[in-house]
Amino acid sequence: MLPVSIQMRILWTFAMGTVFVVLLQYQTSGAWSPQQGQPAARPDLMAENLVSMAMSKVVVDEDAGVSRDLLMGISRQIARYVVYSASCSGVGGGGYSIGSGAAVAETNTVYVITPTYRRPEQIADLTRLAQTLMLVRDIHWLVVEDSNTKSPHLAVLLQSFGVRYNHLIAPMPERFKKIRGAKPKGVANRNRGLKWIRQNAVEGVVYFADDDNTYDVRLFNEMRNTQKVSMWPVGLCTKTGISTPIVKNGELIGFYDGWIAGRKFPVDMAGFAVSVKFLLERPDAQMPYKPGFEEDGFLRTLAPFEPHQIELKADNCTKILVWHTQTKKNEPSLKVDKKKYNNTNILHLKDIIV
């Protein structure tokens, strides 16, 4: 096995070569800027393609401890970072803007809608989800806060990931905040995400991804070719431990869930995706403010649509690629003595951790 110093030298050399190739392509190609009458090209995908081409020419001695997959992963992340840095600094004529209002029309883009609200676990949950999305191509993340104003801390955090995103706000209507018992959490957020998609997207797939779930990166490729509505199992869900379509001989025969409650579509929020084109053909489709019936209510508004039309994913629903893990709830931290800790890092950290 090669000494660590030599391995690091190899990685560094290759990484710098990748940056050079990406920057050279950026400077010499007009494809990264919007052409008149043509949609802007996706520089992140172009950069990844360049990396793949370069790697095909590199001889890697994996017996010596240098993994091609490792080199590829590092190089792709570097390429994405270069593109991300260029977009944030305004380089390239605005052909690709992270966090901008404009969406790039891609037939297989997955629009991930994530409701969120300020709580002790928020930053940790979003960081975990973001670092999953960083490994997936063709992702557009819509992070929607339950708030009247955008959190500056969240804005900085989202920008740091390098994932294409939009930061939106949608507070729960006051009338629902005052009711006793279960409240329709996340409904206003998801409907705000759907509104953004109707205004900005023409093709792709919509997926509701809560920030306290755990996702296998393969799930996002499973849903990419959804024509109408696709479904798959969700693990660690309700008392049954799983929520899933029941499949026999390749056909849907029912649903397995710990809470059926007369629902036509007794599924978990993480267990389905909808084609953007299919959604746009149903302008009235939205999620109802009815606790426990959000998924069923939304899927019903996609009518005409029946259970037999569901596209079964995850190898005929035999694999679990998402888990309803739910982060352990933490109580708000104790108040800090601002006088004692004035001009220290403690006040800044307490502002983040809640």
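Numbers for the structure displayed
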{"item": "Residue satisfying condition, being in contact (Cβ under 8 Å) with a residue 40 or more places away in the chain, more than 23 Å from LYS313 (Cβ to Cβ) and hydroxyl-bearing (Ser, Thr, Tyr), within set TYR215, TYR165", "result": "TYR165"}
{"item": "In the stretch 206-215, residue modelled with the lowest pLDDT [restricted to those that are open to solvent by 10 Å² or more (accessible area, probe 1.4 Å) and more than 11 Å from the chain's Cα centre (by Cα)]", "result": "ASP212"}
{"item": "Qualifying residue in the stretch 261-275 (condition: of a type in the set (Val, Ile, Thr) and surrounded by 21 or more Cβ atoms within 10 Å (Cβ to Cβ))", "result": "yes"}
{"item": "Failed item in (1) over 25 Å from VAL202 (Cβ atoms); (2) at pLDDT 95 or above; (3) open to solvent by 30 Å² or more (accessible area, probe 1.4 Å), with GLU145 passing the rest", "result": "(3)"}
{"item": "Residue match in the stretch 152-161 (condition: open to solvent by 10 Å² or more (accessible area, probe 1.4 Å), touching a residue at least 40 places away in the same chain (Cβ under 8 Å) and either of a type in the set (Ser, Thr, Tyr) or within 23 Å of LEU279 (Cα to Cα) (or both))", "result": "no"}
{"item": "Failed condition for PHE298, given (1) out of contact with any strand residue (DSSP E or B) (no Cβ under 7 Å at 6 or more places or on another chain); (2) surrounded by fewer than 14 Cβ atoms within 10 Å (Cβ to Cβ)", "result": "(2)"}
{"item": "Long-range neighbours under 6 Å by Cβ, at least six apart or interchain, first residue at pLDDT below 95 within the stretch 223-250, second of a type in the set (Lys, Arg)", "result": "none"}
{"item": "Test set (1) open to solvent by 80 Å² or more (accessible area, probe 1.4 Å); (2) within 29 Å of GLU203 (Cβ to Cβ) - LYS290 fails condition number", "result": "(2)"}
{"item": "Given (1) open to solvent by 20 Å² or more (accessible area, probe 1.4 Å); (2) under 9 Å from the mean Cα position of the chain (by Cα); (3) hydroxyl-bearing (Ser, Thr, Tyr), index of the condition TYR111 fails", "result": "(1)"}
{"item": "Where PHE278 falls short, out of the listed (1) free of Cβ contacts under 8 Å to residues at least 60 places away in the same chain; (2) open to solvent by 70 Å² or more (accessible area, probe 1.4 Å); (3) part of a helix (DSSP H, G or I)", "result": "(2)"}
{"item": "Hits in the stretch 83-141 - residues which are of a type in the set (S, T, N, Q), at pLDDT below 95 and not in a helix (DSSP H, G or I)", "result": "SER89, SER97, SER100, THR107, ASN108"}
{"item": "Counted residues, the stretch 328-354 - those being surrounded by fewer than 10 Cβ atoms within 10 Å (Cβ to Cβ), assigned to a loop (DSSP other than H, G, I, E, B), without any contact (Cβ under 8 Å) to a residue 24 or more places away in the chain and not charged (D, E, K, R)", "result": "3"}
{"item": "Lone qualifier among ARG192, ARG218 - being open to solvent by 30 Å² or more (accessible area, probe 1.4 Å), of a type outside the set (A, V, I, L, M), modelled with pLDDT of 95 or more and closer than 18 Å to ILE320 by Cα", "result": "ARG218"}
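The values are calculated or read from the model by the stated rules, or taken from the named source; none is laboratory data. Everything quoted here is computed from the prediction, not taken from an experiment. Backbone-built Cβ (ideal geometry, glycine too); neighbour counts: all protein chains shown. Areas reflect the complete protein model, heavy atoms only, side chains present, ligands, DNA and RNA absent. Shrake-Rupley method; radii C 1.70, N 1.55, O 1.52, S 1.80 Å.
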